[in-house]
Amino acid sequence: MTRILFFGRMSEAAGCSELDAELPSELRTVAALRSWLADRDAALKQLILSPGIRAAVDRGFCGDDASIVGAQEIAFMSPLSGG
Amino acid sequence: MRVAIADKPFSADSMLAQFADSRTGAAGALASFVGYCRDVSDAGDVHQLQLDHYPGLTEAEITRLANTIIERHGLIDLLVVHRVGVVTPNEPIVLVAALSSHRAQAFAAVAELMDYLKTDAPFWKREAGSGGERWIEPTDADRARRAALGE
């Protein structure tokens, strides 16, 4: 099982802030996971494919070509806004 | 360096006083910034802000940004306190303070760290008020200030 977290506007689109999913073994990168989630959930589709949505694998920011093989936690984050 | 995530209201005055008291004799300058929750925004009256973070990643990312600033300006010490949870008007959201030998480094460090926090720190803000609820994301001005800093 892989835990998928959603932050900010992403959590609203997903309807939850986290979900546990059994990811198909052919999903190997962040980009592939984005497409998989987009196909699975129409409400997520627009946001999850947007370049403004950053990803983190096991609590480290990463690009779309990063590997998700063996990852325990993958997060998708709408624009960060501190201060 | 001290980085703290506060899940309850904190006193910026007492944390700043404590930081100032901790300074060594080489520190000739202390500059600070406190950001407060306002009771009004361009959407109307503000009742509260909900600030979310990503435990673990948020602390690590602020620490990384703080280290960049310490090195760039040769700071003696740096303090960052950031609220999460439900924040109501007049409560502090963020406190940044820098100790350096001379004033220029401390002023620049505080301003630059705030510019980084606005766009690069893993927090998400949801505003609730007379105009309903909405997510607050960085403005074009925030992005421009961040872009001017480079990597």
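FYI, it's all coordinate maths here, none of it is from the lab. Every value quoted in this text rests on a predicted model; they were computed, and no experiment measured them. Because the Cβ atoms are built from the backbone with ideal geometry, glycine has one as well, and the counts that use them run over all protein chains shown.
Worth a mention:
- Screening the candidates B:L99, B:L149, B:L113 for the property of being farther than 11 Å from B:A31 by Cα and more than 12 Å from the chain's Cα centre (by Cα) yields one hit, B:L149.
- Filter result (assigned to a loop (DSSP other than H, G, I, E, B) and under 19 Å from B:F123 (Cα atoms)) within region B:60-85: B:V84
- Subset of region B:86-125 (residues that are over 20 Å from B:L16 (Cα atoms), away from chain A (no Cβ under 14 Å) and either out of contact with any Cys (no Cβ under 7 Å at 6 or more places or on another chain) or part of a strand (DSSP E or B) (or both)): B:V86
- Candidates are the residues of region B:29-59 that are free of Cβ contacts under 8 Å to residues at least 60 places away in the same chain and surrounded by 15 or more Cβ atoms within 10 Å (Cβ to Cβ); the one that is nearest to A:V57 (Cα to Cα) is B:E59.
- Every residue from region A:12-34 that is buried (at least 16 other Cβ atoms within 10 Å of the Cβ) and in contact (Cβ under 8 Å) with a residue 24 or more places away in the chain: A:A13, A:A14, A:L23, A:L27, A:T29, A:V30, A:A31, A:A32, A:L33, A:R34
- Listed by position, the strands (runs of 3 or more DSSP E) contained in region A:2-83 that have at least 2 residues being in contact with an Asp or Glu (Cβ under 7 Å, 6 or more places away or on another chain) and closer than 30 Å to B:P92 by Cβ are A:2-7.
- Selected residue (only one of B:A106, B:A98 is crowded, with 20+ Cβ neighbours inside 10 Å and farther than 29 Å from B:D39 by Cβ): B:A106
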